[in-house]
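Read through the structure below, which is laid out as structure tokens, and then see the notes.
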Amino acid sequence: MYPNRMYVNGQWIDAKETIDVINPATKEIIGTIPNGGKKEAKMAVDAAYSAFKEWSKKTAEERSKLLLKWYSLIEEHTDELAEIITTEQGKPLSEAKEEIFYANSYISWFAEEGKRIYGETIPASSPNKRIIVKKQPIGVIAAITPWNFPAAMITRKIAPALAAGCTTVLKPSEQTPFTALKLAELAEQAGIPKGVINIVTGDAEPIVDVWQKDERVRKLTFTGSTRVGKILMRGAADTVKKLSLELGGHAPFIVTANADIEKAVEGVIASKFRNAGQTCICANRIFVEEGIAEEFSKKLAEKVAKLKVGNGFEEGVDIGPLINEAAVRKVQAQIEDAKQKGAKILVGGNSIKEEEGFFMEPTVIMNATDDMYCMYEETFGPLAPIATFKTVEEAIERANNSPYGLAAYVFTENMKEAVYITEALEYGIIGLNDGSPSAAQAPFGGFKESGVGREGSRYGIEDYLEIKYISLGLK
Ligand code: ADP
């Protein structure tokens, strides 16, 4: 039903062994992918290295045209791609369609942005010299992507890489490989030359090890856990690869007494419960000013109680399954720990339909304190813990008290307060009265242990370029 072979040098290839892919809503095996290894990983680099010679020489205009063809084919195949996402990842079909739209927006954005890779001339201090600055593609890029956005995490890396003139080897998550392979099939149909995009599926470590050691791979771009990000950062040292890392988050969500409460509740629903809470910018710690905490909690709990949990293909489902059993257990452990430390459950709190799939009720808890597991460790599930604060200074301090620095949210209608808080937060992305800040035109990335570099926006293409300075002597 889905493309189920690896795509290397324009060929669709198998491996000796296969890996099963599971539908998290039914626990059924939906297909298998090749368990590629060192051999295929090296073949992919050979192909990307060889393709780089021609691809990097094409004009930005030529590359843009091919990217836009890919864009059109993805648009035409939205329904099919969305079905693949819902089947292998679980999110509701409507969200899967939104993901395709979002994923594709990176392709159209970078197809244009690739034409605006400007250089510079700098006035020299010597009359006999001229200083010229050019930008060039870095070379072969290795991309490693997670399962929570099986399409968007791929296009966010591949589109700027290709637009800049780089070629790529990619390993998608073994849990959601079919979306990646379908995207590759459409890239092939669009006429993107062989070797420019290569996809190797299989166990991460042997594949990534080959890419880490190969000095022809000049950059590694990764989205996933901070734990794996640190391993990759260490591994990149031996060949001094450039790095883009988009790692974990633990987003604070601050609601002050000056907030529009309805708007803030909607913001939490958008930020916390999209993809069943499995995004790295999900609200994880909700800090509400004491005076409005009761009203806010009640309204949030009422809304959350109406969210429908189920198979993403069912009509009206808001929350699909979590990706696997371990994800359910983690949320349960956080809820259990919070209960023992005095939190009160307002709604939800249980796993459901466990015999069918990995379902977890959307949950809101009150009286959360900073010593609770859910308040210092990323949840990646539909649990919204509410804590209260007395002063804005206290909220900022607690929000910043985290090794993570990806997204933060602030809800207030008071402009001075908004400026004060947003400037004090140590986070790369701030949703000010906005629960869904991701967009292709905006720089996405984090402070501290949430990562290195930015994706999307004009900054996102810079991460795929080297700066070359030519000192022109005229004597
Ligand atoms: P998550 O917790 O979101 O699954 P991971 O960081 O475990 O995030 O996985 C993200 C991506 O990193 C996946 O493609 C996965 O296969 C890959 N990965 C996992 N472990 C390693 C590793 N040790 N080296 C390289 N890649 C890895």
*For segment 171-190, indicate whether the set of residues that are of a type in the set (Asp, Glu) and within 26 Å of residue 115 (Cα to Cα) is non-empty.*
yes
*asked:* For segment 96-112, give me each residue that is crowded, with 24+ Cβ neighbours inside 10 Å and acidic (Asp, Glu).
replied: 99
*Could you pull out the residue among 269, 207, 199 that is of a type in the set (Val, Ile, Thr) and not assigned by the TED database to the domain that holds residue 151?*
269
*asked:* The conditions are (1) out of contact with any Phe, Trp or Tyr (no Cβ under 8 Å at 6 or more places or on another chain); (2) part of a strand (DSSP E or B), and residue 430 fails exactly one of them. Which is it?
replied: (1)
*Checking residue 195 against (1) away from the ligand (no atom under 15 Å from the Cβ); (2) free of Cβ contacts under 8 Å to residues at least 60 places away in the same chain; (3) surrounded by 24 or more Cβ atoms within 10 Å (Cβ to Cβ), which test does it fail?*
(2)
*Inter-residue pairs, beta-carbon under 8 Å, first within 15 Å of the ligand (Cβ to nearest atom) and in segment 161-188, second among the acidic types (Asp, Glu), 6+ apart*: 174/203; 175/88; 176/88; 177/88; 178/88; 179/88
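So which of 18, 121, 87 is touching a residue at least 12 places away in the same chain (Cβ under 8 Å), touching a Ser or Thr at 6+ places or on another chain (Cβ under 6 Å) and either farther than 20 Å from residue 187 by Cβ or outside the structural domain of residue 468 (by the TED database) (or both)? Give the steps one after another, and end with the answer.
Working: 121 fails: touching a Ser or Thr at 6+ places or on another chain (Cβ under 6 Å); 87 fails: touching a Ser or Thr at 6+ places or on another chain (Cβ under 6 Å).
The unique qualifying residue is 18.
Report yes if some residue within segment 170-182 is touching a His at 6+ places or on another chain (Cβ under 9 Å) and either of a type in the set (Lys, Arg) or assigned by the TED database to the domain that holds residue 87 (or both); otherwise report no.
Initial filter on segment 170-182 (touching a His at 6+ places or on another chain (Cβ under 9 Å)): 182.
Those still in the list that are either of a type in the set (Lys, Arg) or assigned by the TED database to the domain that holds residue 87 (or both) too: 182.
There is at least one residue in segment 170-182 that is touching a His at 6+ places or on another chain (Cβ under 9 Å) and either of a type in the set (Lys, Arg) or assigned by the TED database to the domain that holds residue 87 (or both).
Within segment 282-373, considering only strands (runs of 3 or more DSSP E) that don't extend past its boundaries, which have at least 3 residues that are under 27 Å from the mean Cα position of the chain (by Cα)? Talk me through it step by step, then tell me what you get.
Numbers: elements: 283-289, 344-347, 363-366.
In segment 282-373, the matching strands (runs of 3 or more DSSP E) lie at 283-289, 363-366.
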_Checking the conditions here, which among 418, 440, 408 is in contact with a Phe, Trp or Tyr (Cβ under 8 Å, 6 or more places away or on another chain), not in a strand (DSSP E or B) and not assigned by the TED database to the domain that holds residue 142?_
440
*Considering only segment 390-404, how many residues are surrounded by fewer than 24 Cβ atoms within 10 Å (Cβ to Cβ) and farther than 21 Å from residue 296 by Cβ?*
3
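Considering 259, 237, which residue is more than 10 Å from the ligand (Cβ to nearest atom), of a type in the set (A, V, I, L, M) and either part of a helix (DSSP H, G or I) or within 21 Å of the chain's Cα centre (by Cα) (or both)?
Numbers: 259 fails: either part of a helix (DSSP H, G or I) or within 21 Å of the chain's Cα centre (by Cα) (or both).
Every option except 237 fails the conditions.
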*asked:* I'd like to check something: does segment 245-255 contain any residue that is under 30 Å from residue 50 (Cβ atoms), small (Gly, Ala, Ser) and surrounded by fewer than 24 Cβ atoms within 10 Å (Cβ to Cβ)?
replied: no
*Can you confirm whether segment 425-440 contains a residue that is surrounded by fewer than 18 Cβ atoms within 10 Å (Cβ to Cβ) and among the acidic types (Asp, Glu)?*
yes
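Residues to consider are 231, 207; find the one that is crowded, with 23+ Cβ neighbours inside 10 Å, in a helix (DSSP H, G or I) and within 10 Å of the ligand (Cβ to nearest atom). Show your work before the answer.
Values: 231 fails: crowded, with 23+ Cβ neighbours inside 10 Å.
Going through 231, 207 in turn, the sole match is 207.
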_Suppose we filter 241, 272 for residues that are over 18 Å from residue 430 (Cβ atoms), surrounded by 17 or more Cβ atoms within 10 Å (Cβ to Cβ) and in contact (Cβ under 8 Å) with a residue 24 or more places away in the chain; which single one remains?_
241
*Say whether the condition of being under 25 Å from residue 381 (Cα atoms) and basic (Lys, Arg) is met by at least one residue in segment 273-281.*
yes
*asked:* I need every pair where a residue in segment 211-227 that is touching a residue at least 12 places away in the same chain (Cβ under 8 Å) and under 12 Å from residue 237 (Cα atoms) has its Cβ under 6 Å from the Cβ of a residue that is part of a strand (DSSP E or B) and within 11 Å of the ligand (Cβ to nearest atom), sequence separation at least 6 or different chains.
replied: 220/142
*Starting from residues that are under 16 Å from residue 223 (Cα atoms) and among the aromatic types (Phe, Trp, Tyr), keep the ones in segment 142-187 and report whichever is surrounded by the most Cβ atoms within 10 Å (Cβ to Cβ).*
149
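Give the residue that is nearest to the ligand (Cβ to nearest atom), with candidates limited to residues of segment 240-256 that are part of a strand (DSSP E or B) and under 17 Å from residue 437 (Cβ atoms).
Narrowing segment 240-256 to residues part of a strand (DSSP E or B): 242-246, 251-255.
Add one more test, that the residue is under 17 Å from residue 437 (Cβ atoms), and what stays is 246, 251-255.
Values: 246: 10, 251: 16, 252: 21, 253: 21, 254: 26, 255: 28 Å.
Across segment 240-256, the extreme among qualifying residues is 246.
The values are calculated or read from the model by the stated rules, or taken from the named source; none is laboratory data. The shown structure was predicted, so the numbers you read here are calculated from the model rather than taken from an experiment. Heads up, the Cβs are rebuilt from the backbone with ideal geometry, glycines too, and the neighbour counts pull from every protein chain shown.
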